[in-house]
Amino acid sequence: MSEADTSAARDDELEAFRRASHAAVDGVADHLAGLPSGPVWQPLPAALRKQLLDLPLPEHPVALDDLVATALRDVLPHAMGNGHPAFFGWVNPPPSRAGVMASLAAAAMNPSVVSGDHADVHLERAVVRWLAELVGFPHAPGAGLLTSGGSVATIVCLAGARNRALAAAGHDVRGDGLAGAPQLTAYVPAEAHSCVRRALELLGLGSGAMRKVPLEGGRLDATALRASIAADRASGALPALLVGSAGTVNTGAIDPLEALADVATAEELWFHVDGAYGAFGVLDPAIATRYRGMEQADSLVLDPHKWLGVPVDAGCALVQRGDDLRDAFSLIPPYLRHDTDAPVGTFAEHGLEQTRPFRALKTWATIAARGRAGIAAQVARANALARELATLVESEPELELAAAPETSIVAFRARPAACPPAGLDELNRALPEAVQARGRTFVTGTIFAGRETLRACILHPDTGSEHLATLLAEVVATARTLSAAE
Ligand SMILES: Cc1ncc(COP(=O)(O)O)c(C=O)c1O
(Lines give C-alpha, C1' and ligand atoms only; values in the text may rest on other atoms or scores of the structure.)
Protein backbone atom coordinates (compact mmCIF):
# COMPACT_ATOMS: atom_id res chain seq x y z
CA MET A 1 0.00 0.00 0.00
CA SER A 2 1.33 3.45 -0.88
CA GLU A 3 1.76 6.07 1.80
CA ALA A 4 -1.26 7.93 0.42
CA ASP A 5 -3.38 4.75 0.62
CA THR A 6 -2.26 4.09 4.20
CA SER A 7 -3.15 7.60 5.21
CA ALA A 8 -6.56 7.36 3.49
CA ALA A 9 -7.25 4.05 5.25
CA ARG A 10 -6.36 5.66 8.59
CA ASP A 11 -8.72 8.56 7.86
CA ASP A 12 -11.51 6.10 7.00
CA GLU A 13 -10.91 4.21 10.23
CA LEU A 14 -11.07 7.39 12.28
CA GLU A 15 -14.21 8.48 10.45
CA ALA A 16 -15.80 5.08 11.21
CA PHE A 17 -14.80 5.55 14.86
CA ARG A 18 -16.34 9.03 14.94
CA ARG A 19 -19.59 7.84 13.31
CA ALA A 20 -19.97 4.73 15.47
CA SER A 21 -19.10 6.64 18.64
CA HIS A 22 -21.70 9.28 17.90
CA ALA A 23 -24.23 6.49 17.42
CA ALA A 24 -23.07 4.93 20.70
CA VAL A 25 -23.48 8.22 22.57
CA ASP A 26 -26.97 8.72 21.09
CA GLY A 27 -27.91 5.14 21.95
CA VAL A 28 -26.59 5.47 25.49
CA ALA A 29 -28.45 8.75 25.99
CA ASP A 30 -31.67 7.13 24.73
CA HIS A 31 -31.05 4.18 27.03
CA LEU A 32 -30.59 6.50 30.03
CA ALA A 33 -33.66 8.54 29.09
CA GLY A 34 -35.82 5.41 28.83
CA LEU A 35 -34.73 3.82 32.11
CA PRO A 36 -37.30 5.33 34.50
CA SER A 37 -40.26 4.25 32.36
CA GLY A 38 -39.17 0.63 31.90
CA PRO A 39 -39.09 -2.29 34.31
CA VAL A 40 -36.44 -1.91 37.00
CA TRP A 41 -35.01 -5.30 36.09
CA GLN A 42 -36.15 -8.30 34.13
CA PRO A 43 -34.60 -11.69 33.56
CA LEU A 44 -32.86 -12.14 30.21
CA PRO A 45 -34.92 -13.96 27.60
CA ALA A 46 -33.54 -17.53 27.55
CA ALA A 47 -32.59 -17.32 23.88
CA LEU A 48 -30.58 -14.12 24.39
CA ARG A 49 -28.83 -15.53 27.45
CA LYS A 50 -27.79 -18.54 25.40
CA GLN A 51 -26.79 -16.36 22.49
CA LEU A 52 -24.50 -14.30 24.73
CA LEU A 53 -23.02 -17.32 26.47
CA ASP A 54 -22.34 -19.13 23.22
CA LEU A 55 -21.02 -16.18 21.22
CA PRO A 56 -18.57 -17.53 18.68
CA LEU A 57 -15.14 -15.92 18.41
CA PRO A 58 -15.26 -13.85 15.21
CA GLU A 59 -12.71 -14.90 12.65
CA HIS A 60 -13.01 -11.69 10.61
CA PRO A 61 -13.35 -8.02 11.60
CA VAL A 62 -16.76 -6.76 12.63
CA ALA A 63 -17.51 -3.16 11.63
CA LEU A 64 -17.77 -0.62 14.47
CA ASP A 65 -21.29 0.34 13.36
CA ASP A 66 -22.34 -3.29 13.79
CA LEU A 67 -20.67 -3.52 17.19
CA VAL A 68 -22.61 -0.48 18.37
CA ALA A 69 -25.87 -1.82 16.97
CA THR A 70 -25.38 -5.17 18.72
CA ALA A 71 -24.45 -3.58 22.03
CA LEU A 72 -27.46 -1.26 21.93
CA ARG A 73 -29.82 -4.08 20.97
CA ASP A 74 -28.57 -7.06 22.99
CA VAL A 75 -26.67 -5.65 25.94
CA LEU A 76 -27.82 -2.25 27.18
CA PRO A 77 -31.51 -3.18 27.59
CA HIS A 78 -30.55 -6.02 29.93
CA ALA A 79 -28.87 -4.13 32.74
CA MET A 80 -28.65 -4.90 36.43
CA GLY A 81 -31.36 -2.39 37.29
CA ASN A 82 -29.37 0.22 39.20
CA GLY A 83 -30.12 2.90 36.61
CA HIS A 84 -33.74 2.98 37.77
CA PRO A 85 -34.76 5.27 40.66
CA ALA A 86 -36.81 2.43 42.21
CA PHE A 87 -33.68 0.27 42.56
CA PHE A 88 -32.73 -0.25 46.22
CA GLY A 89 -30.45 -3.30 45.91
CA TRP A 90 -27.03 -3.88 47.46
CA VAL A 91 -24.85 -0.73 47.30
CA ASN A 92 -25.05 0.10 43.62
CA PRO A 93 -25.93 3.59 42.38
CA PRO A 94 -26.42 4.59 38.76
CA PRO A 95 -23.31 6.00 37.08
CA SER A 96 -22.96 9.76 37.02
CA ARG A 97 -23.43 11.12 33.50
CA ALA A 98 -20.19 13.08 33.82
CA GLY A 99 -18.40 9.87 34.76
CA VAL A 100 -19.82 7.98 31.78
CA MET A 101 -18.67 10.73 29.46
CA ALA A 102 -15.20 10.90 30.99
CA SER A 103 -14.80 7.12 30.67
CA LEU A 104 -14.64 7.49 26.89
CA ALA A 105 -11.85 10.05 27.07
CA ALA A 106 -9.95 8.00 29.66
CA ALA A 107 -10.13 4.93 27.46
CA ALA A 108 -8.95 6.99 24.49
CA MET A 109 -5.83 8.04 26.42
CA ASN A 110 -5.28 4.52 27.79
CA PRO A 111 -2.36 5.33 30.09
CA SER A 112 -0.97 3.01 32.69
CA VAL A 113 -1.30 5.25 35.71
CA VAL A 114 1.83 4.38 37.63
CA SER A 115 4.30 7.23 37.47
CA GLY A 116 5.81 9.79 35.16
CA ASP A 117 4.90 13.23 33.95
CA HIS A 118 1.58 12.71 32.23
CA ALA A 119 -1.74 14.29 33.13
CA ASP A 120 -3.39 11.13 34.48
CA VAL A 121 -0.79 10.66 37.23
CA HIS A 122 -1.16 14.24 38.47
CA LEU A 123 -4.96 14.10 38.20
CA GLU A 124 -5.08 10.96 40.35
CA ARG A 125 -3.01 12.70 43.02
CA ALA A 126 -5.42 15.66 42.95
CA VAL A 127 -8.52 13.47 43.01
CA VAL A 128 -7.25 11.41 45.95
CA ARG A 129 -6.70 14.69 47.78
CA TRP A 130 -10.24 15.81 46.89
CA LEU A 131 -11.66 12.57 48.25
CA ALA A 132 -9.75 13.04 51.50
CA GLU A 133 -10.97 16.66 51.68
CA LEU A 134 -14.57 15.63 51.05
CA VAL A 135 -14.61 13.36 54.10
CA GLY A 136 -12.30 15.48 56.27
CA PHE A 137 -9.39 13.05 56.35
CA PRO A 138 -5.88 14.51 56.69
CA HIS A 139 -3.89 14.08 53.51
CA ALA A 140 -0.25 14.30 52.52
CA PRO A 141 0.94 13.71 48.95
CA GLY A 142 1.47 10.00 48.36
CA ALA A 143 -0.79 8.89 51.20
CA GLY A 144 -3.47 7.23 49.11
CA LEU A 145 -4.46 5.86 45.74
CA LEU A 146 -7.43 4.76 43.69
CA THR A 147 -8.17 1.04 43.56
CA SER A 148 -10.67 -1.21 41.84
CA GLY A 149 -12.98 -1.01 44.86
CA GLY A 150 -13.33 -1.22 48.61
CA SER A 151 -12.21 -4.83 48.82
CA VAL A 152 -8.84 -4.18 47.22
CA ALA A 153 -8.42 -0.90 49.12
CA THR A 154 -8.94 -2.92 52.32
CA ILE A 155 -6.23 -5.40 51.37
CA VAL A 156 -3.91 -2.49 50.61
CA CYS A 157 -4.57 -0.80 53.95
CA LEU A 158 -4.38 -3.94 56.06
CA ALA A 159 -1.13 -4.97 54.39
CA GLY A 160 0.25 -1.67 55.68
CA ALA A 161 -1.11 -2.47 59.14
CA ARG A 162 0.30 -5.97 59.19
CA ASN A 163 3.76 -4.96 58.03
CA ARG A 164 4.03 -2.05 60.43
CA ALA A 165 3.07 -4.21 63.39
CA LEU A 166 5.48 -6.97 62.45
CA ALA A 167 8.30 -4.54 61.71
CA ALA A 168 7.80 -3.01 65.16
CA ALA A 169 8.09 -6.53 66.60
CA GLY A 170 11.38 -7.00 64.74
CA HIS A 171 9.98 -9.38 62.15
CA ASP A 172 10.72 -8.88 58.44
CA VAL A 173 7.55 -10.23 56.85
CA ARG A 174 8.61 -9.24 53.36
CA GLY A 175 11.78 -11.26 53.63
CA ASP A 176 10.74 -14.08 55.91
CA GLY A 177 7.02 -14.40 55.30
CA LEU A 178 4.90 -15.25 58.31
CA ALA A 179 6.99 -18.22 59.47
CA GLY A 180 8.17 -17.45 62.98
CA ALA A 181 6.16 -14.23 63.17
CA PRO A 182 4.14 -13.43 66.29
CA GLN A 183 0.42 -14.15 65.93
CA LEU A 184 -1.28 -10.85 65.15
CA THR A 185 -4.79 -10.29 66.43
CA ALA A 186 -7.42 -8.02 64.93
CA TYR A 187 -10.48 -6.56 66.66
CA VAL A 188 -13.37 -6.42 64.24
CA PRO A 189 -17.04 -5.48 64.82
CA ALA A 190 -19.60 -8.20 64.08
CA GLU A 191 -21.17 -6.05 61.38
CA ALA A 192 -17.91 -5.36 59.53
CA HIS A 193 -18.02 -6.09 55.80
CA SER A 194 -16.77 -9.52 54.73
CA CYS A 195 -13.91 -7.90 52.79
CA VAL A 196 -12.16 -7.22 56.11
CA ARG A 197 -12.13 -10.90 56.96
CA ARG A 198 -11.04 -11.80 53.44
CA ALA A 199 -8.15 -9.33 53.64
CA LEU A 200 -7.04 -10.78 56.98
CA GLU A 201 -7.20 -14.29 55.59
CA LEU A 202 -5.25 -13.34 52.47
CA LEU A 203 -2.62 -11.55 54.52
CA GLY A 204 -2.04 -14.70 56.51
CA LEU A 205 -3.47 -13.46 59.81
CA GLY A 206 -6.26 -16.00 59.58
CA SER A 207 -9.86 -15.39 60.53
CA GLY A 208 -9.11 -17.28 63.77
CA ALA A 209 -7.16 -14.22 64.90
CA MET A 210 -10.26 -12.01 64.60
CA ARG A 211 -11.78 -10.91 67.90
CA LYS A 212 -15.24 -9.43 68.13
CA VAL A 213 -15.41 -5.78 69.13
CA PRO A 214 -17.98 -5.55 71.95
CA LEU A 215 -20.59 -3.17 70.54
CA GLU A 216 -24.00 -3.08 72.17
CA GLY A 217 -26.63 -0.91 70.52
CA GLY A 218 -23.88 1.03 68.75
CA ARG A 219 -21.98 1.74 72.00
CA LEU A 220 -18.49 0.43 72.54
CA ASP A 221 -17.72 -1.46 75.74
CA ALA A 222 -14.16 -0.12 75.86
CA THR A 223 -13.40 -1.93 79.13
CA ALA A 224 -14.33 -5.29 77.61
CA LEU A 225 -12.32 -4.52 74.48
CA ARG A 226 -9.24 -3.56 76.45
CA ALA A 227 -9.62 -6.69 78.58
CA SER A 228 -9.72 -8.81 75.42
CA ILE A 229 -6.58 -7.06 74.11
CA ALA A 230 -4.82 -7.62 77.46
CA ALA A 231 -5.77 -11.32 77.42
CA ASP A 232 -4.32 -11.68 73.93
CA ARG A 233 -1.10 -9.97 74.99
CA ALA A 234 -0.86 -12.21 78.07
CA SER A 235 -1.15 -15.29 75.87
CA GLY A 236 1.75 -14.14 73.69
CA ALA A 237 -0.24 -12.77 70.75
CA LEU A 238 0.41 -9.36 69.22
CA PRO A 239 -2.71 -7.15 69.08
CA ALA A 240 -2.31 -5.13 65.91
CA LEU A 241 -5.49 -3.86 64.35
CA LEU A 242 -8.81 -2.32 65.31
CA VAL A 243 -11.53 -1.92 62.69
CA GLY A 244 -14.56 0.35 62.65
CA SER A 245 -17.29 0.91 60.06
CA ALA A 246 -18.37 4.33 58.89
CA GLY A 247 -21.60 2.84 57.56
CA THR A 248 -22.25 -0.89 57.74
CA VAL A 249 -23.54 -2.69 54.70
CA ASN A 250 -26.57 -4.21 56.46
CA THR A 251 -28.07 -1.18 58.16
CA GLY A 252 -25.79 1.78 57.39
CA ALA A 253 -24.84 2.08 61.07
CA ILE A 254 -21.83 4.18 62.02
CA ASP A 255 -19.65 2.63 64.70
CA PRO A 256 -18.52 4.82 67.62
CA LEU A 257 -15.38 5.85 65.78
CA GLU A 258 -14.09 8.29 68.38
CA ALA A 259 -14.27 5.69 71.15
CA LEU A 260 -12.57 3.15 68.89
CA ALA A 261 -9.86 5.66 67.99
CA ASP A 262 -9.21 6.26 71.71
CA VAL A 263 -8.70 2.55 72.34
CA ALA A 264 -6.49 2.23 69.27
CA THR A 265 -4.30 5.11 70.47
CA ALA A 266 -4.06 3.81 74.02
CA GLU A 267 -3.26 0.28 72.89
CA GLU A 268 -1.06 1.29 69.96
CA LEU A 269 -3.18 -0.54 67.40
CA TRP A 270 -3.60 0.39 63.74
CA PHE A 271 -7.07 1.89 63.46
CA HIS A 272 -8.76 1.08 60.16
CA VAL A 273 -12.11 2.54 59.13
CA ASP A 274 -14.26 1.02 56.41
CA GLY A 275 -16.04 3.95 54.83
CA ALA A 276 -16.60 2.23 51.49
CA TYR A 277 -20.32 2.81 51.60
CA GLY A 278 -20.87 5.37 54.31
CA ALA A 279 -17.95 7.76 54.74
CA PHE A 280 -19.49 10.35 52.41
CA GLY A 281 -22.40 10.54 54.86
CA VAL A 282 -20.21 12.93 56.83
CA LEU A 283 -21.24 15.59 54.30
CA ASP A 284 -24.76 15.57 55.78
CA PRO A 285 -24.72 18.18 58.58
CA ALA A 286 -27.52 16.27 60.33
CA ILE A 287 -25.19 13.34 61.11
CA ALA A 288 -21.69 14.76 60.63
CA THR A 289 -20.81 14.57 64.32
CA ARG A 290 -21.42 10.81 64.28
CA TYR A 291 -18.24 10.52 62.21
CA ARG A 292 -15.95 12.06 64.82
CA GLY A 293 -12.84 9.92 65.11
CA MET A 294 -12.77 8.89 61.44
CA GLU A 295 -10.06 11.47 60.82
CA GLN A 296 -7.84 9.72 63.37
CA ALA A 297 -7.82 6.41 61.50
CA ASP A 298 -4.48 5.11 60.28
CA SER A 299 -6.30 4.00 57.15
CA LEU A 300 -9.65 4.76 55.59
CA VAL A 301 -11.35 3.01 52.70
CA LEU A 302 -13.73 4.93 50.45
CA ASP A 303 -15.67 3.79 47.41
CA PRO A 304 -16.33 6.62 44.97
CA HIS A 305 -18.24 4.02 42.91
CA LYS A 306 -20.82 3.80 45.68
CA TRP A 307 -22.43 6.98 47.04
CA LEU A 308 -20.70 9.33 44.59
CA GLY A 309 -21.85 7.34 41.56
CA VAL A 310 -18.49 7.19 39.81
CA PRO A 311 -18.87 4.48 37.14
CA VAL A 312 -17.41 1.19 38.40
CA ASP A 313 -14.57 0.75 39.20
CA ALA A 314 -13.31 3.32 41.66
CA GLY A 315 -12.26 2.58 45.23
CA CYS A 316 -9.80 4.53 47.32
CA ALA A 317 -7.32 3.72 50.08
CA LEU A 318 -6.23 6.62 52.28
CA VAL A 319 -3.58 6.42 54.97
CA GLN A 320 -2.07 8.87 57.43
CA ARG A 321 1.46 7.92 56.39
CA GLY A 322 2.19 7.09 52.77
CA ASP A 323 5.37 5.36 53.90
CA ASP A 324 3.31 2.63 55.56
CA LEU A 325 2.08 1.58 52.12
CA ARG A 326 5.43 2.15 50.47
CA ASP A 327 7.12 -0.05 53.06
CA ALA A 328 4.60 -2.80 52.33
CA PHE A 329 4.53 -2.64 48.54
CA SER A 330 7.53 -0.88 47.05
CA LEU A 331 9.46 -3.07 44.68
CA ILE A 332 10.90 -1.31 41.69
CA PRO A 333 12.48 -3.37 38.97
CA PRO A 334 15.22 -1.42 37.20
CA TYR A 335 13.19 -1.04 34.00
CA LEU A 336 10.52 0.91 35.89
CA ARG A 337 12.79 3.28 37.80
CA HIS A 338 11.62 6.88 37.66
CA ASP A 339 13.70 9.17 39.81
CA THR A 340 11.32 12.14 39.65
CA ASP A 341 8.80 10.14 41.73
CA ALA A 342 11.26 9.54 44.54
CA PRO A 343 9.73 11.79 47.24
CA VAL A 344 6.24 10.27 47.13
CA GLY A 345 6.85 7.07 45.20
CA THR A 346 4.91 5.68 42.29
CA PHE A 347 1.36 4.35 42.56
CA ALA A 348 2.70 0.84 41.99
CA GLU A 349 4.77 1.28 45.16
CA HIS A 350 1.64 1.87 47.22
CA GLY A 351 -0.65 -0.91 46.13
CA LEU A 352 -1.20 -4.16 44.28
CA GLU A 353 -1.41 -3.10 40.67
CA GLN A 354 1.35 -2.39 38.16
CA THR A 355 -0.61 -1.46 35.04
CA ARG A 356 -3.40 0.73 36.38
CA PRO A 357 -6.46 2.15 34.61
CA PHE A 358 -7.20 5.87 34.45
CA ARG A 359 -9.86 5.91 37.19
CA ALA A 360 -9.18 9.53 38.12
CA LEU A 361 -10.79 11.15 35.07
CA LYS A 362 -14.29 9.76 35.74
CA THR A 363 -13.87 10.47 39.45
CA TRP A 364 -12.75 14.03 38.77
CA ALA A 365 -15.66 14.58 36.36
CA THR A 366 -18.21 13.10 38.77
CA ILE A 367 -17.10 15.28 41.68
CA ALA A 368 -16.61 18.43 39.62
CA ALA A 369 -19.98 18.14 37.86
CA ARG A 370 -21.78 18.51 41.19
CA GLY A 371 -19.22 20.21 43.40
CA ARG A 372 -18.88 19.59 47.10
CA ALA A 373 -22.17 21.37 47.80
CA GLY A 374 -24.09 19.33 45.23
CA ILE A 375 -22.73 16.06 46.60
CA ALA A 376 -23.51 17.11 50.16
CA ALA A 377 -27.08 17.98 49.18
CA GLN A 378 -27.54 14.61 47.49
CA VAL A 379 -26.17 12.74 50.50
CA ALA A 380 -28.43 14.63 52.90
CA ARG A 381 -31.42 13.99 50.65
CA ALA A 382 -30.74 10.25 50.56
CA ASN A 383 -30.50 10.16 54.36
CA ALA A 384 -33.76 12.10 54.67
CA LEU A 385 -35.47 9.65 52.30
CA ALA A 386 -34.21 6.77 54.44
CA ARG A 387 -35.79 8.35 57.52
CA GLU A 388 -39.01 8.84 55.55
CA LEU A 389 -38.94 5.19 54.49
CA ALA A 390 -38.40 4.07 58.08
CA THR A 391 -41.45 6.08 59.18
CA LEU A 392 -43.54 4.51 56.41
CA VAL A 393 -42.37 1.03 57.45
CA GLU A 394 -43.34 1.72 61.04
CA SER A 395 -46.80 2.85 60.02
CA GLU A 396 -47.48 -0.33 58.01
CA PRO A 397 -48.69 -3.18 60.26
CA GLU A 398 -47.42 -5.86 57.85
CA LEU A 399 -43.86 -4.53 58.05
CA GLU A 400 -41.41 -4.01 60.89
CA LEU A 401 -38.27 -1.91 61.09
CA ALA A 402 -35.11 -3.90 61.89
CA ALA A 403 -32.98 -0.88 62.81
CA ALA A 404 -33.44 2.87 62.84
CA PRO A 405 -31.53 4.24 59.82
CA GLU A 406 -28.43 6.31 60.51
CA THR A 407 -27.51 6.87 56.88
CA SER A 408 -29.32 5.87 53.66
CA ILE A 409 -29.92 2.15 54.29
CA VAL A 410 -33.18 0.91 55.80
CA ALA A 411 -33.39 -2.65 57.11
CA PHE A 412 -36.89 -4.05 57.59
CA ARG A 413 -38.96 -7.23 57.53
CA ALA A 414 -42.32 -8.25 56.19
CA ARG A 415 -44.78 -9.87 58.60
CA PRO A 416 -48.01 -10.46 56.69
CA ALA A 417 -50.97 -11.39 58.85
CA ALA A 418 -51.32 -14.75 57.09
CA CYS A 419 -47.78 -15.87 57.89
CA PRO A 420 -47.14 -17.60 61.22
CA PRO A 421 -44.15 -16.20 63.14
CA ALA A 422 -42.22 -19.43 62.56
CA GLY A 423 -42.48 -18.91 58.80
CA LEU A 424 -41.25 -15.31 58.74
CA ASP A 425 -37.60 -16.10 58.11
CA GLU A 426 -38.42 -18.31 55.14
CA LEU A 427 -40.81 -15.70 53.78
CA ASN A 428 -38.34 -12.81 54.10
CA ARG A 429 -35.64 -14.90 52.48
CA ALA A 430 -37.83 -15.58 49.45
CA LEU A 431 -39.16 -12.02 49.21
CA PRO A 432 -36.34 -10.12 47.45
CA GLU A 433 -36.24 -12.34 44.38
CA ALA A 434 -40.04 -12.45 44.18
CA VAL A 435 -40.20 -8.65 44.37
CA GLN A 436 -37.43 -8.27 41.79
CA ALA A 437 -39.25 -10.58 39.36
CA ARG A 438 -42.29 -8.26 39.33
CA GLY A 439 -40.10 -5.54 37.79
CA ARG A 440 -41.49 -2.49 39.63
CA THR A 441 -38.78 -2.14 42.23
CA PHE A 442 -35.65 -3.97 43.34
CA VAL A 443 -34.68 -4.80 46.89
CA THR A 444 -32.17 -7.29 48.29
CA GLY A 445 -31.89 -9.25 51.51
CA THR A 446 -29.43 -10.06 54.26
CA ILE A 447 -29.27 -11.64 57.69
CA PHE A 448 -29.34 -9.04 60.44
CA ALA A 449 -29.43 -9.88 64.16
CA GLY A 450 -29.86 -13.53 63.15
CA ARG A 451 -33.01 -12.89 61.10
CA GLU A 452 -33.72 -12.78 57.38
CA THR A 453 -34.10 -9.08 56.63
CA LEU A 454 -34.68 -6.83 53.63
CA ARG A 455 -32.45 -3.87 53.13
CA ALA A 456 -33.19 -0.87 50.94
CA CYS A 457 -30.17 1.23 50.03
CA ILE A 458 -30.96 4.69 48.70
CA LEU A 459 -28.24 6.01 46.39
CA HIS A 460 -30.02 7.04 43.19
CA PRO A 461 -30.16 10.86 42.91
CA ASP A 462 -33.64 10.66 41.30
CA THR A 463 -35.23 8.43 43.92
CA GLY A 464 -38.21 10.18 45.48
CA SER A 465 -41.11 9.55 47.83
CA GLU A 466 -43.09 7.91 45.02
CA HIS A 467 -40.43 5.21 44.69
CA LEU A 468 -40.48 4.57 48.44
CA ALA A 469 -44.24 4.05 48.18
CA THR A 470 -43.77 1.63 45.27
CA LEU A 471 -41.16 -0.31 47.22
CA LEU A 472 -43.37 -0.81 50.25
CA ALA A 473 -46.51 -1.56 48.24
CA GLU A 474 -44.61 -4.19 46.26
CA VAL A 475 -43.09 -5.78 49.36
CA VAL A 476 -46.45 -5.96 51.14
CA ALA A 477 -48.30 -7.32 48.09
CA THR A 478 -45.59 -9.89 47.31
CA ALA A 479 -45.40 -11.00 50.94
CA ARG A 480 -49.17 -11.56 50.96
CA THR A 481 -48.98 -13.57 47.72
CA LEU A 482 -46.12 -15.69 49.03
CA SER A 483 -47.88 -16.39 52.33
CA ALA A 484 -51.14 -17.27 50.53
CA ALA A 485 -49.25 -19.76 48.36
CA GLU A 486 -47.82 -21.65 51.38
C1 LIG B 1 -19.29 -1.31 53.90
C2 LIG B 1 -18.61 -1.93 52.71
N3 LIG B 1 -17.30 -2.19 52.76
C4 LIG B 1 -16.65 -2.75 51.73
C5 LIG B 1 -17.32 -3.11 50.57
C6 LIG B 1 -16.57 -3.75 49.44
O7 LIG B 1 -16.41 -2.82 48.41
P8 LIG B 1 -16.24 -3.27 46.87
O9 LIG B 1 -17.51 -3.98 46.51
O10 LIG B 1 -16.06 -1.99 46.17
O11 LIG B 1 -15.07 -4.16 46.80
C12 LIG B 1 -18.70 -2.88 50.48
C13 LIG B 1 -19.45 -3.27 49.29
O14 LIG B 1 -20.65 -3.21 49.26
C15 LIG B 1 -19.36 -2.27 51.58
O16 LIG B 1 -20.66 -1.99 51.54
Note to self: From the Cα trace of segment 240-348, what convex hull volume per residue do you get, rounded to a whole Å³?
What the structure shows: 136
Next item on the list: In whole Hz, with x marking every Gly and Pro, tabulate ³J(HN,Hα) for segment 148-165 from phi via Karplus 6.51 cos²θ - 1.76 cosθ + 1.60, θ = phi - 60°.
Entry: 6, x, x, 5, 6, 4, 5, 4, 4, 5, 6, 5, x, 5, 4, 5, 5, 5
Check: Mind checking the dipole of the chain: about its Cα centre, +1 per Lys or Arg Cβ, -1 per Asp or Glu Cβ, Debye to the nearest 20?
Finding: 860
Next item on the list: Have a look at Val75, Pro39, Val28 and report the one farthest towards the positive end of the charge dipole of segment 8-134, computed about the Cα centre with Cβ charges (Lys/Arg +1, Asp/Glu -1).
Entry: Pro39
Item checked: Protection proxy ranking, peptides 112-122, 65-75, average beta carbon neighbours within 10 Å, highest first -> 112-122, 65-75
Note to self: Computing the accessible area with a 1.4 Å probe over protein heavy atoms, can you report the carbon and sulfur percentage for segment 41-167?
What the structure shows: 65
Check: How many nm separate the modelled label positions at Ala16 and Ala126, each set 7 Å beyond the Cα in the direction of the Cβ?
Finding: 3.6
Check: Convex hull volume of the Cα atoms in segment 42-136, per residue, in Å³?
Finding: 188
Note to self: Using 5 Å bins from zero, what percent of all Cα-Cα pairs in segment 404-468 falls into each bin?
What the structure shows: 3, 16, 24, 25, 18, 10, 3, 1
Item checked: Cα-centred dipole magnitude for segment 115-199, charges only on beta-carbon of K, R (+1) and D, E (-1), debye, nearest 20 -> 240
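Could you please state how large a percent of the accessible area of segment 381-435 is carbon and sulfur, counting protein chains only and using a 1.4 Å probe?
Working: 1280 of 2420 Å².
Taking all protein chains in place, segment 381-435 shows 53 percent carbon and sulfur surface.
Can you pull out the GluC sites (Glu not before Pro) in segment 172-276 that DSSP calls coil and that have at most 12 other Cβ atoms within 10 Å?
Details: sites: Glu191, Glu201, Glu216, Glu258, Glu267, Glu268; in loops: Glu191, Glu268.
Those satisfying the criteria are Glu268.
Once the Cα gyration tensor of segment 301-389 is found, what semi-axes does its equivalent ellipsoid get, as square roots of 5 times the eigenvalues, in whole Å, sorted largest first? Write down the numbers at each step before the final one.
On the way: eigenvalues 233, 38, 26 Å².
Equivalent ellipsoid of segment 301-389: 34, 14, 11 Å, largest first.
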Checklist line | Coil-residue GluC sites (Glu not before Pro) of segment 39-135, DSSP, other Cβ within 10 Å capped at 13 | finding: Glu59
Margin query: Between segment 448-486 and segment 135-171, how far is it from one alpha carbon centroid to the other, in angstrom?
Written below: 37
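Return one whole number: the accessible area per residue of the chain in Å², for a 1.4 Å probe.
Values: 22410 Å² over 486 residues.
Accessible surface, normalised per residue, equals 46 Å².
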Notebook entry, point to check: Taking the Cα centre of the chain as the origin and placing charges on Cβ (Lys, Arg +1; Asp, Glu -1), which of Ala288, Trp364, Cys419 is farthest toward the positive end of the dipole?
Noted result: Cys419
Notebook entry, point to check: In a shell of Cβ-Cβ distance under 14 Å around Pro285, excluding Pro285 itself, what net charge do Lys and Arg (+1) and Asp and Glu (-1) give?
Noted result: +3
Notebook entry, point to check: What is the Cα convex hull volume of the chain when expressed per residue in Å³?
Noted result: 184
Margin query: Let me spell out the model: positive unit charges on the Cβ of Lys and Arg, negative unit charges on the Cβ of Asp and Glu, origin at the Cα centre of segment 180-283. What dipole size does that give, in debye rounded to 20?
Written below: 240
Checklist line | Separation of the Glu466 and Glu400 label points, Cα + 7 Å toward Cβ, nm | finding: 3.4
Margin query: Please list 3J(HN,Hα) in residue order for segment 4-17, calculated via the Karplus relation 6.51 cos²θ - 1.76 cosθ + 1.60 where θ = phi - 60°; whole Hz, with x for glycine and proline.
Written below: 5, 5, 4, 5, 5, 5, 5, 4, 4, 4, 5, 5, 5, 4
Notebook entry, point to check: Hey, can you rank 294-304, 92-102 by average C-beta count inside 10 Å, highest first?
Noted result: 294-304, 92-102
Next item on the list: Using amide H atoms built 1.01 Å from N in the peptide plane, name the residues 5+ places from Val273, or on other chains, whose amide H lies under 5 Å from its own.
Entry: Gly244, Ser299, Leu300, Val301
Notebook entry, point to check: When DSSP assigns beta bridges and you keep just the ones with both residues in the chain, what percent turn out antiparallel, to the nearest 5?
Noted result: 60
Margin query: If you average the alpha carbon positions of segment 194-263 and of segment 32-67, how far apart do those two centres end up, in angstrom?
Written below: 45
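The values are calculated or read from the model by the stated rules, or taken from the named source; none is laboratory data. Please read all numbers here as calculations on a predicted model, not as lab measurements. With ideal geometry, Cβ positions are generated from the backbone for all residues, glycine too; neighbour counts draw on all protein chains shown. Note: accessible area is taken over every heavy atom of the protein model, side chains too, but ligands, DNA and RNA are not part of it. Shrake-Rupley method; radii C 1.70, N 1.55, O 1.52, S 1.80 Å.
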